[in-house]
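The values are calculated or read from the model by the stated rules, or taken from the named source; none is laboratory data. It should be emphasised that the depicted structure is a prediction, and the values quoted were computed from it without experimental measurement. In this analysis, Cβ positions are derived from the backbone assuming ideal geometry, glycine residues included, and neighbour counts consider all displayed protein chains.
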Amino acid sequence: MPRKARLKHVTQDSCMHLYNHVACGRREYPLTDCAKEHFIKRVQSLSTYFQAEIVSVTVMSNHFHICAFCSGDMFSDQEVVDRYNLFYTDNDRHPQIELTDQHIITHERLRMHDVSEFMKELQCGFSRWFNKAIQPDRMGTLWAGRYKSTILQASESRAAMGNSALFHCVKYVELNPFRAGMVDDPGDYEFS
């Protein structure tokens with residue numbers, strides 16, 4: 001049976017809830033504090049490259065949640081060049097680009113705009129790091145399957161997104177550690 005195509009924002013501003021679980025038993029908690037910290041740093045780093053503005057992120061011991069604002073407008077040529085060159089500073093595999101490199105700019109603009117590319121870089125890169133740094137004897141995927149995504153709201157106006165589905169999703173994401181009994185106050189959870 002073929003996989004169902006994902007709903008994605010394309011030309012409209014959208015808020016999205018992105019989440020996944022690690023491939024383990026229900027009562028297993030493989031994500032250590034070190035792993036959670038690395039995951040959040042990776043999200044922050046990737047958000048400087050991709051067109052996903054992180055509204056909220058919470059990393060639990062066996063899953064994560066991200067609420068992101070994804071703009072319907074694509075980056076200008078200059079912004080693509082700036083983000084690419086900043087992200088790939090001192091990288092031999094990705095030499096710096098200029099405004100005259102239209103083929104690269106066009107390709108990277110589409111990649112930066114695609115939330116699936118963001119999630120692929122996040123999950124694959126984190127899995128490689130986890131398998132090397134946390135469990136060196138482990139091989140293969142860390143995640144239970146493809147990430148899940150929900151478009152919370154699509155609107156012509158970013159201001160119109162205010163106090164609605166996005167608010168409720170952020171509240172749900174931020175309260176995860178409290179509901180799990182990990183903290184007495186959601187503000188005390190350091191991986192959120």
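Here are the numbers:
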| read-out | value |
| --- | --- |
| Number of the condition not met by R138 [criteria: (1) farther than 23 Å from T48 by Cβ; (2) within 21 Å of the chain's Cα centre (by Cα)] | (2) |
| Residue within the stretch 135-150 that is buried (at least 19 other Cβ atoms within 10 Å of the Cβ), farther than 26 Å from L166 by Cβ, at pLDDT below 95 and not charged (D, E, K, R) present | yes |
| Filter result for the condition that a residue is more than 19 Å from T141 (Cβ to Cβ), without any contact (Cβ under 8 Å) to a residue 40 or more places away in the chain and of a type in the set (G, A, S), over S14, S56, S71, S76 | S76 |
| Number of positions in the stretch 1-37 that are surrounded by 14 or more Cβ atoms within 10 Å (Cβ to Cβ) and modelled with pLDDT under 70 | 2 |
